[in-house]
Amino acid sequence: MVGARWRDAAAFSTAPGSGSRRTDGSLAARPSRRQAVALLAALAVVCGSVAAVSYLVEPDDARSFDLFGGSVLLADAVAPVSVDLASGRPTVRLVDASAQVGAQRAEDVAVEPMADGALLLDKQTGEFNIVDSTGFVLKKDGGVPLPRRAGATGASAVAARDFAYVQRTGPTGTSVYLVGATTVQGAASGATARPRAFLSLPDQVSSAPGTAATAGNDLWVLAGTGSTRTLRHLSLPADSATGARLRSQRAATVDGPAAVASLDEFTGVANATTDVKTTGTVDSPVAVAARDHITVFWGDGQQRTARYAAPAGVDTVLAATNASSRIAFLLHGSRGWSVVSVAPDGTGLRGPTPLGNVPAGARLVTPAVSGGSLYTLGAASGGLWRIGLDGSAERLPGLASYPVARQDGRAVEAAGFGDAYVVARGPRVIVNSPNHQLAVGVFTDGSRRPVRIDKSAAVTISSGGGAEALTRSRNDDVPTPQPGRSTAAPKPVAPVTNLVDCSTTSQKPHIPAFTTSTPGSRSVALAWTYPITDRTDCVPRTYVVTVRSLRAGAPQPPSRVTVDGQQSVNLAGLFPSTLYELTVTAYINGKGTSSAPIRVTTGPEGPAAPRTVTARADSSGNWSIGWRSCGTVSAGCVPSASWRVVPQFCDGLGLSTAPAAIDAPADPTTTVQPAAVLRGGSALLGRGLRFQVEGIGTDGTVGTPSASTGCVTSWAPPRAGDLRLTASKPADAAVGATSSTTVSLSLGSDPIAAVGGVGAKVTFTLSGGGSDQTYTTVVSGRASTLTHTFADAKPGVTYTAKATVSPPGHPAAAVSVTADGVTARATWPTPSVSASCPRSSSLDLTCTLAVTLGGFPTNGETFALADGSVLRCGEATLRLTDGSFDSGSLTATVKGVSQLQNYYGSCTVTAGVVETSGGTLLYGGVPSPLKTVDVSLGAPASLDLAAGDFAAAWPDSGSSARVNYTGSANLDALTTGWALTLHAPDGSVCGTSNSEPNPTTVSAGDCVQPYGDQSGWYVSLTYRNTTDGGGHSVDRIPLSGGPPSYQPCTVAASDVTATWGATIADGVTVGATGSLAGCTGWRYELLAPDGTSCGTTTGSPADSPAPNITLTCGTAPSSGDWSVAVSWNNPNGTSGDAKPTVTGDPPTS
């Protein structure tokens, strides 16, 4: 039935081919002529404001969309509000959005912008509707319900250009539907509504931000709810009909916290879209970010992963929306927040870069990008942040915190911003908290300062009637449909007659009835209806709302509030967390009828911002913070159970993580609260902090932060014991020139504490030579040693260095330390050196060496020979000692330089001096350079002896010759290595001796007998000079005669005899006469008459007994002559022989 509300879930079919095959996604027809005329009239009424549509959404699901290209729709606790982006002003407020999707509560409605409208969604059931760009819902009697799923379910939506993906998830899985205007139009006409495409997934899907994103008409979703999730890519099959099954591909598996972002052609999609279209080969990229990487997918299956070192303890990943040419994410870990980004093709990784200025514990909401920066806010504190992709972060210039509504100078709203979200459109950023009256508009192009947007200033219209509702008269009002009412077509209402004069009527008003009550912390937005039961009924012009507090101790509310000409009011002047009883009374000409009372509890609110917040620093490096509270409950102030003191750096020393907030007790009995102390420690010494204080109510609600204090710098007295000052020895300089010294101040193991804090001043002073030099530097805290180099250090002057350390802002607490004195010295010129060592004769083995130095300026010092002063002759080195040095004449004298130690010939002297005492040490006690000069010590003493320098003779007895040196030279000093040889007349070597011939003897040895009777014996010798080691020889020192021990051998053949013994046993006895002493080698052979050898023997005939030959032939024959063949050796090597006949008769027995 066309006029009835379409509620048949079975009529929403996913069967392909059973409905229209239209696939172009076109929207509903344009408004009728009457609607168009009404619309133009409405625009005139609101002074050119555009119509808007959508309704209240929760913070996590909050989205916005353009109406007529220039507005953005904001969620609000009363009803959604449209804001003009050009000016930042609110235009219209839409009511009854929940009725358009059958939601039971306003907070159950989500809005998702589309390319040419918006999707309204009941987050509990998934029922949806679409509002077109004119401000009309396409289906005016409720939305399009989804098929039911088993178990508790939830629903979310993601826009995809002209379509939207609706995801309904539950314990058994998730159903995904791609729907558009044709889907809703089909249901509105009574036909079976069919999605453009659908798919069932076996996994649950979270509705948290960053879980899903679209690129083109494709959906990318993180499926699963555990620590490991699957990134699925859902796409529409090519050339498919209505009701097609979506294609699903598994793109990646992600562990831990993760988020999905996309860059798409359509910049209106709020889940990470871009205001710069992608070009080239990167087509609609999608990125998923995890702890340690970002993976980008684009085109037909292309992907690239950029990996990075994961920040410690990553627990949250936020995907930036409205991204421009880079895809950006915020990562939160145990050490705070970081920003990381990549180019659309996954290259150009930047970060993660820590956000040093953002408190580590801040609960940031999903950021939006505009003008190259990310904009976000802290859900607890309300701090507004601008974050650069380079990691820079600052509170929003011009409006550092989210504003809260005030009445009589006091905040009338809670300071919690857990429902807030951020929307960016080109150069505009909107920050909105639905539960607050104000929003924030940021002009990132610099055209204006940030503005506070008062949403209560918008004109109210109905989403069911669109902008046309603005043209209706008051008597044409139609009650707003309420959740849970009958779905039957509404009963037509008779028009009001103009025959009754309501100004004089005595009608008693009917009973009004409250329709909605939306409490804030100090107000309640009320709406009611007045029933028209007859054509003659008059409509009341005046209503009175009465208020009664049901909480003991709460401030008294305004008892009566009069409302003229409307059926709603924002009742202010209430107290947070208080139960009130409310009644509305309708009046016509003084007669009134009251409604049934309702009870409403106002929302919670944190304590008001503290006043007179002061901060000071003590000398221990701590800060003391004091403040005053708003007051007591009787003064309308929310009491604090405790206070939180939030510090922020203000010293401009770069990005740093601010110290943790301090929790302090509250004293409800007085406005002056106990001071809180932030203990700084060395890490914070010298740092400047400003402080904000916020109260925490008894129910845990955080209040409005105070204004910041001035910037207060901590300090402490410097620790002189930790400071150590040294000065380097100045470099050498020529006499009359200058040098430099470097002064170093070591700050110990805790540099910041040693100087009293970052920003301490250190003044270096160098004193000497009658003047001071100074240099001042400021401690940055990045170095443990400070240095400065002073010039103009003159040689021969002693300088003293001093460092004076002044803690930041407290020069009276300065301390000083000094260094040991240092002296600049002159560089040595090369001294002049002369040396000589004359000898008295060529055979003098010693000389006296004199070495004289000079050629350098002095200053009354005394000197000594420098180490390394030596006389060097070849390999021989003689050290010149201080004992030989005369400081007055600068001469070293060394006596007895001996040639025997190889000091002769061409030598060198190397010499230098060193200051010892007296006056100023011009050269600083450093030895002069050594200079080497040549010195001749003369040719080495050398003896060249001849045979005439010696005499050789045989002694009276014996066989040794005696050799004597007949010259006058000192052979012992001048020579060495003597070798004497005695030669026989033929040159044969007979004996040797190694004794010096002064005198010496040489034995003839075995040559006596062979040569003893010959003349021509001689002696030869060799020796070496002790100076140069040169060898010399002397040949043929003659000897007269032969050795006295010579024995001759004179035997003639007739001198030899042989005689038979008396018996055969006695044999033959041989004898000889003559000189036998020199004869050797005697041999005897007995020959029988026939020549037979009958026995032999040896031995000298001079022996006793004489040689005897034993007969070996038996009995000697009696006939014939027996003989003896005798032979011997003469001394000269010849032999002699004889053959005497044996005399006597041979024995017979």
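Every read-out reported here was derived from the displayed coordinates using simple, explicitly stated rules and does not represent laboratory data. All values reported here derive from a predicted model rather than from experimental measurement. Here Cβ is always computed from backbone atoms with ideal geometry, including for glycine, and neighbour counts include all displayed protein chains.
Which is farthest toward the positive dipole end of region 581-630 among 613, 603, 587, measuring Cα position about the Cα centre, with Cβ charges +1 (Lys, Arg) and -1 (Asp, Glu)?
Towards the positive end, the residue furthest out is 587.
When a footprinting reagent is the concern and you count Cβ atoms within 10 Å, what order do 530, 177 take, fewest first?
Final ranking by Cβ density, sparse to dense: 530, 177.
Got the relative contact order for the chain handy, in percent, Cα pairs under 8 Å and 6 or more residues apart?
Numbers: 3235 pairs, mean separation 59.2, N = 1149.
Relative CO of the chain lands at 5 percent.
Would you mind computing the Rg to Rh ratio of the chain from its alpha-carbon coordinates, Kirkwood style for Rh?
Radius of gyration over Kirkwood radius for the chain works out to 1.51.
Give the order of 329, 198, 790 when sorted by the count of other beta carbons within 10 angstrom, beginning with the fewest.
Going from least to most buried by this count: 790, 198, 329.
Evaluate the relative contact order of region 720-823 (contact order divided by residue number), counting alpha-carbon pairs under 8 angstrom at least 6 apart; express in whole percent.
34 percent
Please compute the alpha carbon radius of gyration of region 124-262, then divide it by the globular-protein estimate 2.2 N^0.38 Å. Two decimals is fine.
Normalised by 2.2 N^0.38 Å, the Cα Rg of region 124-262 equals 1.05.
Any idea which of 412, 966, 660 is furthest toward the positive side of the dipole for the chain, if Lys and Arg beta-carbons carry +1 and Asp and Glu beta-carbons -1?
Of the options given, the answer is 412.
Please give the helix 33-45 orientation as an angle from the longest Cα principal axis of the chain, in degrees from 0 to 90, rounded to the nearest 10.
80 degrees
Provide 108, 882, 564 in ascending order of the number of other Cβ atoms located within 10 Å of each residue's Cβ, fewest first. Present the calculation step by step, with values, prior to reporting the outcome.
On the way: 108 23, 882 15, 564 9.
The most exposed by this proxy come first: 564, 882, 108.
I need the P(r) histogram for region 947-1038: all alpha carbon pairs, bin width 5 Å from 0 out to the longest distance, whole percents.
With 5 Å bins starting at 0, P(r) equals 3, 14, 26, 25, 15, 9, 5, 2, 0.
What is the dipole size for the chain, taken about its Cα centre, with +1 at each Lys and Arg Cβ and -1 at each Asp and Glu Cβ, in debye to the nearest 20?
Dipole size: approximately 9560 debye.
By its C-alpha gyration tensor, with a ≥ b ≥ c as the square roots of the eigenvalues, how is region 34-457 shaped: rounded for a/c under 1.5, else prolate for a/b larger than b/c, else oblate? Don't jump to the answer; show the numbers that get you there.
Details: a/c = 1.57, a/b = 1.04, b/c = 1.51.
Oblate is the answer for region 34-457, as a/c is 1.5 or above yet b/c matches or exceeds a/b.
Work out the charge dipole of the chain with +1 on the Cβ of Lys and Arg and -1 on the Cβ of Asp and Glu about the Cα centre, then indicate which of 790, 818, 776 is farthest towards its positive end.
Selected residue: 776.
Between the alpha-carbon centers of region 639-672 and region 1054-1108, tell me the distance in whole angstrom.
146 Å
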